[in-house]
Structure formats: C-alpha cells, structure tokens
Amino acid sequence: MCTDAIFCSVICELSIEKLVQGGEGLARLPDGRVCFVRGGLPGERCRVELTAGKKDFARGRVVEVLEKSADRAQPKCPLYGKCGGCSLQHLDSAKQVTYLERVERENFKRIAHEELPADFVIHQGEPWGYRNRARVVYLGERDGHCRFGFRKQESNGVVAIESCPVLTSGLNDFLKNAKPSEIFKGLKRIPRDLELNLFDDGTGRVAYYYRGMPEARKRESSVSCVKIGAKQIKSDASVFFQSNLSLLPRLVQSVREAVDEGIASGAASDEWLIDLFSGVGFFAALLQDKFKRITTVERDGLCLQYAKVNLSATDSVENVSAPAEEWLVKNVVDIPATLIVDPPRTGLPPEALGAIVKSSVNRVIYVSCDPVTLARDFAKFRQAGFALKRAEGFAFYPQTPHLEMMFVLAR
Ligand SMILES: C[S@@+](CC[C@H](N)C(=O)[O-])C[C@H]1O[C@@H](n2cnc3c(N)ncnc32)[C@H](O)[C@@H]1O
C-alpha cells in the first residue's frame, strides 16, 4: 500500500545496482534516496513504478526491463507477481545461490561488522517440486472437488491456484484431487477462508490439518511420519516441520558433524545435549545415540507429545514444554553441554541469549531460517567472547530469497 498518493504510480528509469536481503534490487532515485525494486536484477536498467515513498527510501516494482541481465529467467508460474511466494523466479535457478551468497556476505558485514568465513558454502537441492509443506486457503467446491488458493503478495487477499511448481507432486495431486466430502467430513459448517496446512511426508502421502478439525479426523488425517536415514520421526500437519525434505538430510549431516567436532575437541561434552526450540524433538532424536543425557525444550504442547514419541524414553531424556528463555533462566547449565538452538524467524529472545552466555556452554550450534536475526544474535554472542567457527547455508526455499543457515559459535 502506498503511503504517498502523489509519489505513487510515478514511473522512473532506474539502474539496479545489487540484490539485497528480501530479494529486491537496489537502485537510487535521482534525489539520492535508495529505492528497493521488486523484480529487478543487478546490472539491469528498468522502468520502475514507485509504490511507496518514505523520507529515507522508496519502493517500486519493475514494469519494463530496458536492459536485461544475462541471468534473467522467464518465471515458470503464471501466478508470479500475484501469489505471495516465489518472488525470485525472474532469476535463473542455477544462479540463485550465487546471488544469495553475495547478499548474505554483505548482510553479515553490515549487521555483524564481520566477514562470513571464506569457506561459507550454500548446499543446494532441486529448484522445483521440492516443497513438502504448504498452507492453502479453501475457496469452495467445483464439480465435487476442492478449490484452493494462496495468500496474495503484500495483502491478505487470496489468489486461486490449480497447481504450484515448487510443491512436491504429492501436494499437487492433493490440490487437484481433494474432495470436500472427504476433507471436511464431520464438519457442520466450513468457515469462510479456512486455511489448511498440508504436509507431504516424502512418500507422497499428504497429511492435512485445519482449525476446528474433529478430534477423530485429526488422528486419521493430520499425523505423519518422516524417514530420515534409518530414523522415523513422527509429526503432525498442525505443528512446525522443515519444508524441504530432500535437502534436510544435508542439514542433519552438518549438525552431526558440528556435534562430533565439538565433542572431539573437548569444547563441548557428550554428557548433556540441550535442544532448544526443539519442535517434535527433531535434532535430539537424530543425535540421541551420542549423548548420556538429553533435554528438549519447546513451547508448543503438541510438539512435546511428539518429542516424547520420537526420543526413546529413558531416565536420561527430559522433554520440557516451556518457553526456552524461561527454562534457561530457571535451570543451571554448569557443564560445557552441547547446545543446539533453532529459534523462529525472530531469533533468540534476549533473555535466552543472556542466559546462554552466562552458562558454562562454550559451543553453540545455531540453526536459523532468518540470516538477519542470526547476524544480530551473533553480534551479541561475540560481545560475550564467542567467535564464528563454521557457517553453512542450505537452499531450502529455491525461487524465494529465503535461506536456512547453520552457525557454529565457540569461545
Ligand atoms: C524453526 S522451528 C524449529 C523446530 C525444530 N528444531 C525442527 O527442526 O523441527 C522453531 C520452534 O520453536 C518453537 N518456539 C517458538 N518460540 C519459542 C520459545 N520462546 N520457546 C520455546 N520454543 C519456541 C516453535 O513452536 C517451533 O516449534
């Protein structure tokens, strides 16, 4: 929404200098202000419609590319620019990681005033058909089948979808074949704009969940089981789970290597693994063989129930349902325990970070889905004597500007 009615819908010719966090191109207006341009690529000259004007910066969107980058691609999806996802489809899939690496290096320098290590690497998987989790809006019935939509770009409106090229074939089959008579069986009335969480367990079997789902249906339809190596992890379409199952084993491998390295070096011990923001106990379940004692801490009560199933129950396993910051403040960590944190986009709550740096933990494995809050939190860890030992990226969300990251910090 434009904040300046006169300023908006003005068209300018601008040169895009670089890509910035969020995937927009950065250009300069004739008055010197920075303009964030949706759909622009570095090196391009574009006609840009200004959509918002502030004192220090402006926003715009490309309406015509006058001089085109060699890395520009034709967006594959007809809903590009309308649907809220996949805003980077205009950039060649094979080049996205190179651009995102540049963005992350610059982002880290700007926020943390430090360089990412020279060996920072971004692991890649399939550019299309990778996404095994989605939230869709139910739009009604046609010929006995459900019609679904995605939330629109920068609005709460909904755009109808037939299929989506980043979703797994299992999820696309669901979008095509789902019948309201089955999905909403037992529901007296289907609320308007009802949202459904969909989850493909990696085999094409789709679990789904919507608010108000009858309890009996929940057990039948929302539970899922994912195989990671030899381990089965039980989860549910109503709670958090990673959304790129084909690349997830690479993240697990990196976390396992980081754990082994910490124990081998003596900087962290195998006496105690603390997995904070643990979801269904994902990392702890995959690392249980390495530790004498394990604590998982997760705020969501349902996740806790799954964590209890996913970790073999022994006297040395404790699954806690509490905010991580509260648990950290109330519990004394007085040995150099192995600590994994995987907070939501907002990063670590300040109380949690404060308690970690005051504890005996000397090595932190920090998994993050937001490089900006990760860089912010790293700067605070550094003030407490931690240094960045290892940084890896995971292209979990191709066609979007988002990245998953793993940092290893030690003091
Ligand atoms: C990014 S997910 C990570 C989950 C898990 N590590 C995994 O890989 O599946 C973040 C998790 O943190 C939980 N969470 C959010 N805020 C929290 C808090 N303050 N304390 C504990 N858990 C929290 C969310 O419910 C969510 O399950």
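Compared with the alpha-carbon gap, the fully stretched path from residue 322 to residue 9 is longer by 107.8 nm at 0.36 nm per residue. Region 375-394 and region 74-129 have Cα centres lying 21 Å from one another. Lys and Arg at +1, Asp and Glu at -1: add these up for the other residues within a Cβ distance under 13 Å of residue 398 and post the number. It works out to a net charge of 0. GNM on the chain, C-alpha springs below 10 Å: top fluctuator among 269, 181, 321? With Cα springs under 10 Å in the chain, the top fluctuation among 269, 181, 321 is at 181.
Taking other residues whose beta carbon is less than 11 angstrom from the beta carbon of residue 151, and scoring Lys, Arg as +1 and Asp, Glu as -1, yields 0. Please report, to two decimal places, log10 I(q)/I(0) for region 313-382 at q = 0.12, 0.16 Å⁻¹ as given by the Debye formula with identical point scatterers on the Cα atoms and no solvent. These q points yield log10 I(q)/I(0) values of -0.33, -0.58.
Using the Cβ of residue 243 as centre and a radius below 11 Å, the other residues enclosed give a net charge of +1, where K and R count +1 and D and E count -1. Checking every one of the GluC sites (Glu not before Pro) in region 72-124 against DSSP loop status and a limit of 15 other Cβ atoms within 10 Å picks out 114, 115. Kirkwood analysis of region 1-72, using all unique Cα-Cα pairs, places the hydrodynamic radius at 11.8 Å.
In this structure residue 402 has an accessible area near 80 Å², from a 1.4 Å probe over the protein heavy atoms.
Placing +1 on the Cβ of every Lys and Arg and -1 on the Cβ of every Asp and Glu, with nothing else charged, gives the chain a dipole about its Cα centre of roughly 860 debye.
Accessible surface computed residue by residue for the chain, with neighbouring protein chains in place and a 1.4 Å probe, gives 46 Å² per residue.
Think of the chain as a dipole: +1 on every Lys or Arg Cβ, -1 on every Asp or Glu Cβ, centred on the Cα centre; then among 171, 409, 248, 171 lies furthest on the positive end. When the chain is treated as a Gaussian network with alpha carbon springs shorter than 10 Å, the biggest mean-square fluctuation among 379, 337, 73 belongs to 73.
Here, region 149-240 has an Rg and a Dmax of 14.1, 42 Å when only alpha carbons are counted.
Among 285, 204, 91, whose Cα projects farthest towards the positive end of the dipole of the chain, with charges put on the beta-carbon of Lys, Arg (+1) and Asp, Glu (-1)? Ranked along the dipole, the leading option is 204.
Surface composition of region 1-72: carbon plus sulfur atoms contribute 51% of the solvent-accessible area (1.4 Å probe, protein chains only, all chains present). Divide the volume of the convex hull around the Cα atoms of the chain by the residue count and you get 157 Å³ per residue.
Shown for the chain are the DSSP H helices of 20 Å or more along their axis, judged by Cα atoms, with a mean Kyte-Doolittle hydropathy of at least -0.5: 248-265. Surface composition of region 237-287: carbon and sulfur atoms hold 55% of the protein heavy-atom accessible area at a 1.4 Å probe. With contacts taken as Cα pairs under 8 Å and at least 6 residues apart, the chain reaches a relative contact order of 13 percent.
Within the listed set 298, 215, 44, the Gaussian network model of the chain (springs between alpha-carbon atoms below 10 Å) gives the highest mean-square fluctuation for 215. Given a 1.4 Å probe and every protein chain left where it sits, what share in percent of the accessible area of region 133-236 is carbon and sulfur? Carbon and sulfur: 45 percent of the exposed surface of region 133-236.
The values are calculated or read from the model by the stated rules, or taken from the named source; none is laboratory data. This one's a predicted model, so the numbers in the text were calculated from it and none came from an experiment. Reconstructed Cβ throughout: ideal geometry from the backbone, glycine too, with neighbour counts over all protein chains shown. Side chains included, ligands, DNA and RNA excluded: accessible areas come from the protein's heavy atoms. Shrake-Rupley method; radii C 1.70, N 1.55, O 1.52, S 1.80 Å.
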